[in-house]
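Computed from the coordinates by the stated procedures, all read-outs in this text should not be read as laboratory data. Owing to the predicted nature of the structure, the values given are computational and were not obtained by experimental measurement. Here the Cβ is made from the backbone with ideal geometry for all residues, glycine too, and neighbour counts use every protein chain on show.
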Amino acid sequence: MVIETGESMRIVYGLTVLLEAILIAYCAIGSFKKHDRLGKSVCIYETLAFACAVVFFFFTFVPGHTVTVFAKGFTMALFDWMLIALMFYTQYYTGAVKTFKGVQAVSMIFAVLDTYMLIENTWTNKIFDIESIKAENIKVVFNHDSLWYKLHFMFTYAFVILVIFTYLFMIIKSSRMYREAYGAIAIVIFIGFSFDIATIGSDSIYDLSMIIYGVMAIIIYYLTYRYVPNELIENMLSLVVSDMNNGIICYDRKGRCIYYNELMEAIYRHGGNMSVYESKYSQWIEKLGDDRRDSMTFQTDIEINGEKHYFEIAYKRIYDESNRVICDYFVYNDRTQMYKSWEQEKYKASHDSLTGLLNRDQFYEDVHDMVNKYHDTTFYLICSNIKDFKFINEIFGMEKGNQVLIKQAKLMASNPSERTICARLMNDRFALCLPREEFDEKRVADSIKELQREFSGNSFHLHTYMGVYEIRDRDEAVSIMVDKANIAADTIKNNYDCCVAYYDEHLLEISIEQRRLLGEFEPALQKDEFAMYLQPQVNRDGVASGAEALVRWGHPSRGILTPYAFIDILENAGLIYKLDLYIWEKAAQKLVEWKEKGYGSYHISVNISTKDFYIIDIYETFTGLINKYGIAASNLHLEITETTLMTDFEKNMNIIHKLQDAGFRVEIDDFGSGYSSLNMLKDISADVLKIDMGFLRESENEVKGQDILESIITLASKIGMDVITEGVETKKQLDMLTMMGCHEFQGYYFSKPVPVSEFEEKYLV
């Protein structure tokens with residue numbers, strides 16, 4: 001479309017575009033404040049339309065070949081993104097999500113590429129060029145052979161058609177009240193696009209399609225946020241009136257009660273006394289205060305027939321067309337059931353379902369508040385734990401385990417007061433915070449012993465232990481307080497004669513030292529600071545058939561560290577598997593070395609930790625080792641503790657059977673240290689039984705212990721298991737065990753664990 005030119009025309013056009021840009025910016029800001037998906041989509045579309053207007057303004061008033069080519073290409077790219085924004089807007093405005101499913105990603109990829117090609121066109125002119133620029137006209141020449149020219153217009157046409165058809169579909173599908181808005185948007189889009197097509201070949205510098213795009217952006221904002229059909233309003237009012245399930249009371253602008261319904265009377269039972277309701281109005285307005293708005297919600301509770309009810313009250317002020325107050329009304333919504341449900345959910349969110357105690361998060365919050373409320377009070381934070389609690393569930397069942405936890409919870413909460421907070425932190429870990437003067441160590445110790453007597457038996461000894469931390473820094477994180485109490489508790493977890501320990505800074509130093517060792521562990525592995533030691537497994541004459549692989553840490557500053565210094569730390573940190581893999585590799589390497597030297601009859605026993613079964617594939621690891629080094633599986637013995645089997649008996653026994661089928665000999669280590677040894681003996685399928693040295697300790701029942709030991713040796717022999725007794729320290733023990741039928745031994749009587757070279761020198765013959 002060619003318009004009569006002149007400087008005045010240029011000014012009029014520029015001012016029109018500028019005015020549109022301002023209005024569009026206002027629409028963009030208004031939609032940005034909506035903070036929802038629809039608002040964001042409108043905001044993006046309005047922003048892109050604003051950018052288009054700015055570019056057109058620049059295009060009109062800053063002529064020049066390069067600038068004009070760039071502005072034209074940038075405008076075409078912006079139109080791509082406007083169409084995508086229009087797509088997202090249509091999706092959220094109409095709810096037609098499925099219409100555009102899978103289209104978004106493809107369209108955005110194309111828009112990125114098209115933007116790049118149109119901007120690059122400023123210098124290449126592959127898509128279009130501008131042959132001439134005059135004061136009132138401009139001649140754009142498109143390269144109709146260009147692929148991107150074709151793709152651009154195909155994308156544009158297809159997209160607009162898709163959007164228009166979406167609105168047509170929604171017009172047919174939707175309620176009559178929404179058809180006006182959908183139809184208006186579809187018509188505006190169609191007019192804008194038609195006008196754009198009609199003016200493609202125009203040589204006028206005044207591109208009126210931008211005027212249409214601007215109008216379209218403003219209309220979209222209006223139809224989205226300003227236009228509400230009268231019929232919709234009427235229908236909403238009729239719904240409100242017909243669904244009066246709530247108490248309603250209405251006042252005129254002077255505060256006089258002009259209406260209340262039967263439900264309102266049922267709530268207050270004032271027999272139509274208007275003055276009572278009018279006094280309520282004054283109370284409510286005062287309650288709303290200076291922050292009163294035209295629409296507000298607040299809560300109150302009212303006793304009805306002796307039962308407390310909770311109401312959500314919605315306040316609304318109504319104006320006429322001249323913005324004059326017509327009335328105020330209040331809607332009473334009985335939320336009693338919802339409130340009770342909320343209270344229940346709140347309770348569930350803050351309490352442990354089994355014991356009724358607080359959970360960890362609520363405990364942390366309440367302790368922090370309490371210790372900062374009572375500044376003159378010294379508090380203890382106490383943490384308790386039950387040693388090897390998981391075995392209670394596995395041995396006695398979940399119901400028995402729950403009984404123990406409930407009993408432990410009662411013990412922790414046995415001294416309730418307003419300054420006592422008790423919680424179940426997780427699993428078998430409990431915590432208590434109370435004033436120092438209310439803590440009675442003797443009473444607690446007696447209660448713990450009573451609990452232990454109640455649930456201990458011949459096969460299991462319950463051990464509950466507590467750590468006590470005196471809170472000195474009230475700003476310290478409660479989680480750190482808990483950690484310190486647990487540090488104290490951990491010092492006595494293996495001491496069955498003690499059940500309460502107090503935190504001091506020395507314990508913190510130990511904990512720090514442990515963490516330092518953890519930090520040094522993996523670098524030490526890489527530096528080969530760990531060495532394999534061997535303790536021989538011999539017959540009565542001291543002739544070795546093999547050895548158990550043990551480990552020592554050659555620490556550069558602390559010297560030789562025994563396993564007692566680091567094994568438990570690695571176990572608790574879940575890193576023991578890395579050390580085990582290292583030692584297994586060393587053992588396999590040594591076995592192949594012995595084989596090459598003619599000592600292929602000797603075996604090495606390696607230990608498998610409980611956590612190894614959960615972290616690594618035991619079967620694949622060991623079969624991989626023997627295949628890698630070409631050694632016999634029978635030369636690599638696998639030591640598994642009785643405790644390991646009990647953690648997941650069926651699963652672990654399946655793994656053991658697979659290992660045995662592959663030729664490995666499986667040894668059950670520390671037999672007798674567990675909780676159901678004799679009961680398990682009939683079920684375990686192992687090649688060797690290593691009897692725990694605890695049977696050899698002198699005690700009041702030495703004779704009975706010897707009888708049990710002899711029975712186990714005899715029983716193992718009858719079911720086809722070899723026996724190794726470990727911990728042999730005297731000749732008297734050796735003679736006794738020999739008479740009982742044991743023929744293989746391990747212990748300090750023969751040799752302590754020694755470096756590999758020393759073992760080879762003494763035992764390889």
TODO: Amide H neighbours of Ser605 under 5 Å, at least 5 residues apart or on other chains, H built in the peptide plane: list them.
DONE: Ala547, Glu548, Ala549, His637
Open item on the list: Give me a comma-separated list of calculated 3J(HN,Hα) values for segment 106-121, in order, Karplus coefficients 6.51, -1.76, 1.60 applied at θ = phi - 60°, integers in Hz, x for any Gly or Pro.
Closed with: 4, 5, 6, 4, 5, 4, 4, 5, 5, 4, 4, 5, 6, 6, 4, 4
Task: Members of Lys387/Lys611; Lys373/Lys410; Lys387/Lys651; Lys280/Lys316; Lys72/Lys150; Lys586/Lys752 lying beyond 22 Å, as alpha-carbon distances in this model show - done: Lys373/Lys410; Lys387/Lys651
Task: Computed label-point distance, nm, for sites Phe32 and Gln403 using a 7 Å Cα→Cβ extension - done: 6.7
Open item on the list: Quick one: 3J(HN,Hα) in Hz for segment 361-372, Karplus 6.51/-1.76/1.60 with θ = phi - 60°, rounded, Gly and Pro as x.
Closed with: 4, 5, 4, 4, 5, 5, 5, 4, 5, 5, 5, 8
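Sorted by mean Cβ packing within 10 Å, highest first, what order do the peptides 627-638, 364-375 take? Don't skip to the answer; put the middle values down first.
Working: 627-638: 17.7, 364-375: 15.3.
Result, highest mean first: 627-638, 364-375.
May I ask you to derive the FRET efficiency for Arg472 and Lys442 from their Cβ-Cβ distance with R0 = 22 Å, giving the value to the nearest 0.05?
On the way: r = 24 Å, r/R0 = 1.10.
Plugging the Cβ-Cβ distance into 1/(1 + (r/R0)^6) gives 0.35.
What length, rounded to one decimal in nm, is gained on full extension from Gln589 through to His743, with 0.36 nm per residue of separation minus their alpha-carbon distance?
Details: separation 154, 0.36 × 154 = 55.44 nm, distance 2.85 nm.
The span from Gln589 to His743 would gain 52.6 nm if fully extended.
Before anything else, pin down the relative contact order of segment 575-753: Cα pairs under 8 Å, at least 6 apart, normalised by residue count, whole percent. Intermediate values should be presented prior to the final figure.
Values: 243 pairs, mean separation 26.2, N = 179.
Relative contact order, segment 575-753: 15 percent.
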- [ ] Would you compute, for the Cα atoms of segment 575-753, the largest minus smallest coordinate along each principal axis and list the three values in descending order, in whole Å?
- [x] 50, 39, 32
- [ ] Using 0.36 nm per residue of separation minus the Cα-Cα distance, give me the extension gain between Tyr222 and Glu345 in nm, one decimal.
- [x] 40.0 nm
Open item on the list: Using Cβ contacts closer than 10 Å as the measure, can you line up Met739, Met721 from fewest to most?
Closed with: Met739, Met721
Open item on the list: Testing the spin-label approximation: label points 7 Å from Cα along Cα→Cβ at Ile191 and Glu312. State their distance in nm.
Closed with: 4.3
Task: Phi-based couplings in Hz for segment 724-735 (Karplus 6.51, -1.76, 1.60; Gly and Pro marked x) - done: 10, 9, 9, x, 6, 10, 9, 5, 4, 5, 4, 5
Task: Between segment 600-623 and segment 748-765, the Cα center-to-center distance that results, in Å - done: 23
Open item on the list: Within a 10 angstrom radius of the beta carbon, how do Thr115, Thr94 rank from fewest other beta carbons to most?
Closed with: Thr115, Thr94
- [ ] Any of Lys484/Lys578; Lys400/Lys484; Lys407/Lys682; Lys658/Lys682 with alpha carbons more than 23 Å apart? Name them for me.
- [x] Lys484/Lys578; Lys400/Lys484; Lys407/Lys682
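For Lys682, Lys280, what's the fewest-to-most ordering of other Cβ within 10 Å of each Cβ? Numbers along the way, then the final one.
Details: Lys682 8, Lys280 17.
Ordered from fewest to most neighbouring Cβ atoms within 10 Å, Lys682, Lys280 come out as Lys682, Lys280.
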